[in-house]
1. Please give the contour-minus-distance gain from residue B:78 to residue B:289: 0.36 nm per residue of separation, less the Cα-Cα distance, rounded to one decimal in nm.
2. Arrange B:175, B:459 by Cβ neighbour counts within 10 Å, fewest through most, would you?
3. For a quick check: sort B:115, B:886 by the number of other beta carbons within 10 angstrom, fewest at the front.
4. Can you give the helix-only mean residue ellipticity at 222 nm for chain B, where every DSSP H stretch with n ≥ 4 adds -39500 (n - 2.57) and the sum goes over all residues, rounded to the nearest 500 deg cm²/dmol?
5. Obtain the radius of gyration and the Kirkwood radius of segment B:479-575 from its C-alpha atoms and give Rg over Rh.
6. Cα axis of helix B:701-711 to longest principal axis of chain B: angle in degrees, 0 to 90, nearest 10?
7. For a footprinting-style exposure proxy, rank B:831, A:174, B:213 by other Cβ within 10 Å, fewest first.
8. Starting from 0.36 nm per residue, how many nanometres of slack lie between residue B:636 and residue B:601 once their C-alpha separation is accounted for?
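FYI, it's all coordinate maths here, none of it is from the lab. Nothing here was measured: the structure is a model prediction, and the numbers come from that model. A quick note on method: Cβ atoms are made from the backbone with ideal geometry, for glycine too, and the neighbour counts reach across all protein chains shown.
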């Protein structure tokens, strides 16, 4: 029922005092930045942020990036909730809403393949199929060795150079079979 | 008052306040536009889209729940196109919805499905897809189940939790069609949910339902609904009890009525199973050779009457005493008091108020002339500053706390908490002052000094309404002069900066309310603490108008009423002193006894009665519905005192720690088996109504009392019903003169209500105080060190208190699985640094020892308490913390210092 409507309302409910900020920081500009939080304790990460509710998204990103398996643990969510004086479900709802957050362990490298119309026109689906075959997993899964997770993404904003995918923070454009193979073999040995 | 505007809905002319909600206006005028997500207690959501209407000069169809009425609005609520749209929307919702229905709840969605002819699958346009969506069920809460397949994502539960209860425990998870509600991390039972069940009450589809008794309920078949008043704390919530086959199977909040407007807490909603518990006392029991044996009522009552009579003849009338009960009705207590004064012939009658708010009441009586709360509970919602002192209201008065949270969350009111221990309200507080235990007088004198030195006093108020005017003020000023912020910080440990800010906020507020609790009253300096609060209130003029004043929330359902009807060693009904001969003469006439027979000297108070028993002065006692073997201080001493009694009668609904010591146990009816009245914390007289029959031979308390009096040769009067008793109360207590049962049928009335046409009094002291000269009185008091302090042998100071899920001696609350599933264990809170220092770990069993006794319990490590201080709930009979507390009394109010005992701990 009225999905988009729900989503907007949900943000309002989660951030009763920070409506505007919450809406503005939906997609933070962090794609090209390296993870600055590696190997910190949750407390050290939280201390880097002011305890304002509109910092929730940034905090969740930091906590997720900090985890070697690229996900948010219940413990991390609880700590974030406590720090921001939010209830557990408010934080959980946000983490579950945005596809960039995961509550399950993921691989060291997260491959996000764009399946939006422009990429699809440029044979993006073939890229996905090739990755599934090469890695032996389907979208949403992680390789048994824990190196790769494969996810599908809506538009990555690279339409002029479609088809595209991202591996963690790095964007790869003009993909074809050869380039996919090259990139993956590089990451296999990274 | 808003302007009235004229609108039409389907050509019907309607007048409504400008800006009112269109859907609600239509509903109030008999036009029910279909809706699911709208509820009048909540802000409009506009999610279900069923309340679509057409409004002239507006484009298309609009949701009436989000429209405010304006002059000249022409609304079409029903036409073929709108009805078709609604049917389409319902049909669409149905596709994602599991429409199985077990008849145990009110299903608003199903009603609409039937109304629009969509009950049969072949009439539906869209295929059912809910099974493929993999919606989960969450059964982890002790009291409720959530089934996402029945949820239509209408937001009502989320808003019920957030806007109504101020808790915001629920959210959505996932997106779009796969979204559903989550408590915590999809484990309701591990979330912050405290089980109040507001979400259940407002859920329109049965997605959130209660666990207890579901299989017993079919709402269309054999359910009797009885409105009554909650038996737990003193908020006086109005309940609707659902009765099936003589058993209570559900409790709902009554909407639209003060004081709770449909809201309940976990105890009110789920704490009724004790009524039907197998351990209820069902027959009179007489102790023979150390064993209780069943007896007939005649046998038991004759024995009781004979023993009381013999005791009186042998040792004199002073050898008899009674404990009445804040759990029973005004009518029961009035007759109990009448029995003691008229038949026992003394004033040795008291009850648990002496253990809770006696000091508050004493201070208020001396300073402002009334011991009851000066304002209404709902005034909290409109306050801009609430000073909450020693009052864990979210746990002890959860529904009062919802009004406080509304003020904070809706209009930015500032809550100032003074409490040595963290309480959940701290989350909503502007300032939390955390003084060391027992230093409150210094802290408040410091705040008063700030107010005086910054000239935040209300001179006009002092001159007009304070006894002694500016001269009395100068005395207070002189006394408080030495309480500089630095000096106060040294005594209390409270930051001078925070203390100064708190004083300023309180003094400058427009509508400040003081909510003072057990933390302030249960000290040897309890009366002094409240004097200080009143001093601060009087010099700032923060009383005597609507929304400003002081309010002690009462701990038990009827602790207010029992005092009001004169069940006190010091006062007759309506707070008229025992010594007032003219009043005694009036009462003697009403009772039909010679004036000389009514003792004109004060009787013994609760703890004094036990001390007199210990000293052999009181020989026989009648205890109705109290459990002093848990709730009295210094239990070892109480036990010795009780054992010294020649004869003890205990009248109760369950065997308790105290019935063990009785010679006769009399089985009584519980609240749901009674007619009568309670008085809540804001002086509201509320009806109690019988929902079920008492078990076995259990009798009404007042029947038992009248029988004993009769058998002692002095009948109390000829009462056919509880209403007859009430009418006599109204004759003896001027504050109740205008109240009768017929006036209480729909809603409660706040005393004083001096006449039949008087509406009751929402705010006290608007014109004058209730003191003899009508003026408020300042009582400057100095800080004194507590007589019991931590020392090398007993290095910790122990504080005691209550938790949300249990209630007092837990006779009632621990006999509800719903409540014990939440919390059922005693514990001792200890600061992490102390724990590290002593080498204690979470969960360690320890022995806690004071100068008076020792108990064993479990350690919980928490920053909720200060270093050097401990906290323990007093509900649990297996770790009765009152073995450690003192019975050294506040000299004015005779209250015992439950909050401060020096103890040491040993690892077991």
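1. Details: separation 211, 0.36 × 211 = 75.96 nm, distance 7.86 nm.
Separation in residues times 0.36 nm, less the Cα-Cα distance, equals 68.1 nm.
2. On the way: B:175 16, B:459 13.
Lowest to highest Cβ neighbour count: B:459, B:175.
3. Values: B:115 14, B:886 21.
By the 10 Å Cβ count, ascending: B:115, B:886.
4. Details: 27 runs with 248 residues, N = 908.
Mean residue ellipticity, 222 nm, calculated: -8000 deg cm²/dmol.
5. Values: Rg = 16.3 Å, Rh = 15.7 Å.
Here the Rg-to-Rh quotient is 1.04.
6. 30 degrees
7. Working: B:831 20, A:174 11, B:213 16.
Ordered by Cβ neighbours within 10 Å, fewest first: A:174, B:213, B:831.
8. Residue separation times 0.36 nm, minus the Cα-Cα distance, leaves 9.6 nm.
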